[in-house]
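The values are calculated or read from the model by the stated rules, or taken from the named source; none is laboratory data. Since we're looking at a predicted model, the values are computed, not measured. We place every Cβ from the backbone using ideal geometry, glycine too, and count neighbours over all the protein chains shown.
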Amino acid sequence: MGKFYAWSEAIIHPMTHALHYGNSVFEGIRAYKTPKGPAVFRLNEHMDRFMHSAGILKMKSPYSKKEIIEVIKSVIKQNDLESAYIRPLLFYSYGNLGLIPKSSPVELLVGAWEWGAYLGENALKGVYVYILPWRRVHHSQYDMSAKLGGIYVQSTICGLIAREKGCDEAVFLNLEKNVAEGPGENIFICKNGVLKTNDKSESVLEGITRSSLLEIADDLGIKTQIAPITKQDFLEADEAFFSGTAAEIAPITKAKDASEKDAPVKDHVIGSGKPGEITKKISETYSDCVRGKIKKYQQWLTYVG
């Protein structure tokens, strides 16, 4: 069905269609070390979205969901990884360079490597975010349930801007001026014991980690709410955190508000300025869940062995 390549081996033609136009779909997936060996977290759900994304891009995958799952397992085994970040990518490859990839075949790549916390180990203490003056791509412009490679150029630009401003990560508002998401993360806030996040109507990708945390919170007896998050809700929250496969759970403890181009930039402390108790409780439960320590969530794990 395919072959393994050394990490340093070049296998993509420079005229690959996706390299020029960003017409690829991808997933970010993690495998964790468990007592039974490496286990991939919510692999089926990631693969369902992967195939859905390909459909949105009018891309016919040359491999079935089942075949791609087996490739992912094989890549983890081949690299002898106990834990891993996994990147499957479907893309239009070399053929023609007109905008319509009429003679560019679809190809699949899967890579896996060890990758720690996306926002750095200091993220456990809380991250400093930059509320951007630029608005998130709007849900009226494309189907935001798909992970399309080219759309993430906005995330790259604005993530770099945030870091230029001395912050750890960016936060997007949407066209309605409500909080949308981070460049690659969903956002939760907590106020008076209620955990709140938004949905696709607020121009966000509803992440798989996000849906997992909503279920975990419910199991912990934490009241949840899905509704718009105003900027004021965010700045006045008792707690706030990012969620995502790469970021996992990263508390947000400080924000630089630059969302209005003609207004002064102002710093805000979120809650106490430290990770909150609900954030820590959910984070600890999630950590145990992905590592196979909680029986109830075993159904979310696909063991590589």
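Of the conditions (1) in contact with a Lys or Arg (Cβ under 9 Å, 6 or more places away or on another chain); (2) under 26 Å from TYR142 (Cβ atoms); (3) not small (Gly, Ala, Ser), TYR63 satisfies every one except a single condition; which number is it?
(1)
Only one of ILE86, ILE69 is in contact with a strand residue (DSSP E or B) (Cβ under 6 Å, 6 or more places away or on another chain) and either in the same structural domain as SER212 (by TED's automatic domain parsing) or under 16 Å from LEU301 (Cα atoms) (or both). Can you tell me which?
None of the other options fit; the residue is ILE86.
Does the range 114-125 contain any residue that is among the polar types (S, T, N, Q) and at pLDDT below 95?
Step one: list which residues in the range 114-125 are among the polar types (S, T, N, Q), which gives 122.
With the extra rule that they be at pLDDT below 95, the set shrinks to 122.
Scanning the range 114-125, I find at least one residue that is among the polar types (S, T, N, Q) and at pLDDT below 95, so the answer is yes.
Out of ASP219, ASP238, report the one residue that is over 23 Å from ARG135 (Cα atoms) and either surrounded by fewer than 16 Cβ atoms within 10 Å (Cβ to Cβ) or not assigned by TED's automatic domain parsing to the domain that holds ASN178 (or both).
Details: ASP238 fails: either surrounded by fewer than 16 Cβ atoms within 10 Å (Cβ to Cβ) or not assigned by TED's automatic domain parsing to the domain that holds ASN178 (or both).
Matching residue, one of ASP219, ASP238: ASP219.
When you look at TYR130, is it closer than 30 Å to PHE234 by Cβ, part of a strand (DSSP E or B) and not assigned by TED's automatic domain parsing to the domain that holds GLY276, yes or no? Write out each step before concluding.
Numbers: closer than 30 Å to PHE234 by Cβ: yes; part of a strand (DSSP E or B): yes; not assigned by TED's automatic domain parsing to the domain that holds GLY276: no.
Considered against the rule, which asks whether it is closer than 30 Å to PHE234 by Cβ, part of a strand (DSSP E or B) and not assigned by TED's automatic domain parsing to the domain that holds GLY276, TYR130 comes out as no.
Name the one entry in SER74, SER64, SER104 that is of a type in the set (S, T, N, Q) and in contact with a Ser or Thr (Cβ under 8 Å, 6 or more places away or on another chain).
Result: SER104 is the single residue among SER74, SER64, SER104 that is of a type in the set (S, T, N, Q) and in contact with a Ser or Thr (Cβ under 8 Å, 6 or more places away or on another chain).
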